[in-house]
Amino acid sequence: MDYINAENITFSYDEPEAAERHEVLRGVSLGIRKGEFVALLGHNGSGKSTIAKTFNAMLLPSGGKVYVDKMDTQDESVLYEIRRRVGLVLQNPDNQLVASVVEEDVAFGPENLGVPPEEIRRRVDEALKAVEMYDFRLNAPYKLSGGQKQRIAIAGIIAMQPDCIVLDEPTAMLDPRGRTEVLDTLHKLNKEKGITIVLITHYMDEAVQAGRVIVMDSGRILTEGTPEEVFSQVELLKKHHLDVPQATELAYRLKASGFDLPGCPLTIEECVAALEPLLKKATVGEAYGDH
Amino acid sequence: MIRDITLGQYIPGKSFIHRLAPRVKIILTFVYIVFIFVASNFEGLLTMSVLILGILLLSGVPLSQYFKSLKAILFVVIFTSVLNLFYGGGNVLWSWGFIQITSGGVANAVFVTIRIISLILFSSVLTFTTSPTELTDALERIMKPLKLLHVKVHEIAMMMTIALRFVPTLLEETDKIMSAQKARGADMESGGLMQRIRALIPILIPLFVSSFRRAYDLAMAMECRCYHGGEGRTKMKVLHATSLDAVAVVVSLVVCAAVVACNLYFPAVLH
């Protein structure tokens, strides 16, 4: 059994008796393995945020079950244990910081769990170092940049010593620099601390860096697999109005116009490597043509 | 511009006053304020003034900061002292028609002015040398006995913490909304009082809407971090009283005793 298991879950925000029920999730089954880095892609309204909230029992599915480390999210006696293990980071960094001093905000989670003071101190320092914000521990959050605030929010979750962090579009409100900061932090936590990461995003370049990509559309899983497996299905993604990374798009169009390109490049580097021989051949051909 | 407003006006430092336990500071400030009103003559008030002066110098906060906080209430000081000028008996110093100023009136005015200034200075020292979080934490501890009366002490303290945390955020937001409305042609600077108040509506409505959205997000974020009220909650920073606090308490007791002694030996100014 995987670390987080969703079994055929359905969800609707409408009342059960409502005449017209709009199902946000229509039977989703998926598993998140321990130590994985998963990207969850999809449009607004595809159900990706909703499914994230079922992972830490913020929402309970109308049908089906969600298990976290074999614990049923419907079981109220393990509610705080589940929320401790699966931390959720939201989109707007301003709205999830509670205290006026960085270190006191990071301490909020462990304080709620009733951890002894010396242990909280140790965890807060460790968490702030993990997100490289230790030097800012006495600052006021409102004076920090968006990327820094989001890293504080992540530190606040780490201080609860979770197994898994679910992030609901954490970079949507950040500038490019803040996005890189947050993404680098997540990869570091995944590699060094073995924390499972579920990243909900609509940025393709973020999804490319994940170990596994799950694409959602209208409350169902459209496709899943490694980034290569997913983004090589350019037609399927286009049909559902989803983007593919620019490098993949370029290669796809070149292939469609008859150029011979190997594989499916996902990043700019891979794309350059794939195009180089092609361009060299073309210039050589041109040179011969001149004479 | 609007962002310059700081609430609480905490000025970080490591002075004797900064290092006192917040709980002790709050209680002593309260006691001092009571004793400002207990002192009924100049001798007693002078004792309190010496205490304030000592505290101001010990706090390590630039004196200009204190002048700033006094400037804010300048109008109140002038208003009350002028009113007091016409009360009280004694020799008539000046009269015009039925208005007359007496020596008693002058004494009253000076007395009340010193009282108000002392009051402001004492509360300024508290807010200048204690961080907002320390203040709310200390208040939570002080109010703990009220739990027996089913007062939700923890919830009140948490609300204060959150309110203080969101003051700068909401100020920034107000600034943004004002700019956005001005860009759409909203006129906030001209017209009479009523017109100006009406011009605030297009700022307040978006501000309220976004505040509710923020509140919803924050509540969710707090629940995600296992918040479930004050039950079983611990604190990272445990507030300890130290020998410094003992010194402060002893000095305060001496001063308060002196004020009581002055009340007994010298006649009262106000009648």
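Bear in mind these aren't lab numbers, they're just calculated from the coordinates by the rules spelled out. Given the structure is predicted, the values throughout are model-derived calculations rather than measurements. Don't worry about glycine lacking a Cβ; one is built from the backbone with ideal geometry, like all the others, and counts go over all protein chains shown.
Observations on the structure shown:
- Two-site label geometry, A:V272 and A:D75: point separation in nm, points 7 Å out along Cα→Cβ: 5.2
- Working from label points 7 Å from Cα in the Cα-to-Cβ sense, the A:L138 to B:L253 distance is 3.3 nm.
- For the stretch A:248-254, putting each phi into the Karplus relation 6.51 cos²θ - 1.76 cosθ + 1.60 with θ = phi - 60° gives couplings of 5, 4, 4, 4, 4, 5, 4 Hz, in residue order, rounded to whole numbers and with x for Gly and Pro.
- Exposure proxy ranking for B:Y10, B:Y32, based on other Cβ atoms within 10 angstrom of each Cβ and starting from the fewest, stands as B:Y10, B:Y32.
- Remark: relative contact order (chain B) = 34 percent; criterion is Cα-Cα distance under 8 angstrom and separation of 6 or more residues.
- Residues A:T226 and A:E118, FRET efficiency given R0 of 56 Å [Cβ-Cβ distance, rounded to 0.05]: 0.80
- Karplus-derived HN-Hα couplings along the stretch B:240-251 (A = 6.51, B = -1.76, C = 1.60, θ = phi - 60°), whole Hz, x at Gly and Pro: 10, 7, 10, 5, 4, 5, 4, 4, 4, 5, 4, 4
- Spatially proximal aspartates and glutamates relative to A:K281 (Cα-Cα < 20 Å; intrachain offsets below 8 disregarded): A:D260, A:E269, A:E270, A:D290
- Estimated FRET transfer efficiency (B:F30, B:A219; beta-carbon r; R0 45 Å; 0.05): 0.85
- Contour excess over end-to-end distance, with Cα ends at A:D243 and A:S62 and 0.36 nm allotted per residue: 62.1 nm
- Part-to-part distance (alpha-carbon centres) for the stretch A:216-281 and the stretch B:78-157, which is given in Å: 73
- If you take the Cα centroid of the stretch A:95-129 and the Cα centroid of the stretch B:167-211, the two points sit 36 Å apart.
- Judged by the gyration tensor of its Cα atoms, with axes a ≥ b ≥ c, the stretch B:2-265 is oblate; a/c meets the 1.5 cut and b/c is at least as large as a/b.
- Our helix-only sum for chain B, with -39,500 (n - 2.57) per DSSP H run of n ≥ 4 divided by its residues, gives a mean residue ellipticity at 222 nm of -22500 deg cm²/dmol.
- Cβ-based exposure ranking for B:L146, B:L70, A:L113, in which fewest neighbours within 10 Å come first: B:L146, B:L70, A:L113
- Chain A shape via C-alpha gyration tensor axes, a/c threshold 1.5: oblate
- In this rough spin-label picture, where each label sits 7 Å from Cα along the Cβ direction, the A:D2-B:A163 distance is 4.6 nm.
- Each of B:L264, A:L174, B:L170, A:L40 was scored by other Cβ atoms within 10 Å of its Cβ. Arranged with the fewest first, they read B:L264, B:L170, A:L174, A:L40.
- If R0 is 25 Å, the Cβ-Cβ spacing of B:H150 and B:K235 corresponds to a FRET efficiency of close to 0.65.
- Subset of B:K152/B:K235; A:K129/A:K149; A:K143/A:K193; A:K143/B:K144 violating a 22 Å alpha-carbon distance limit: A:K143/A:K193; A:K143/B:K144
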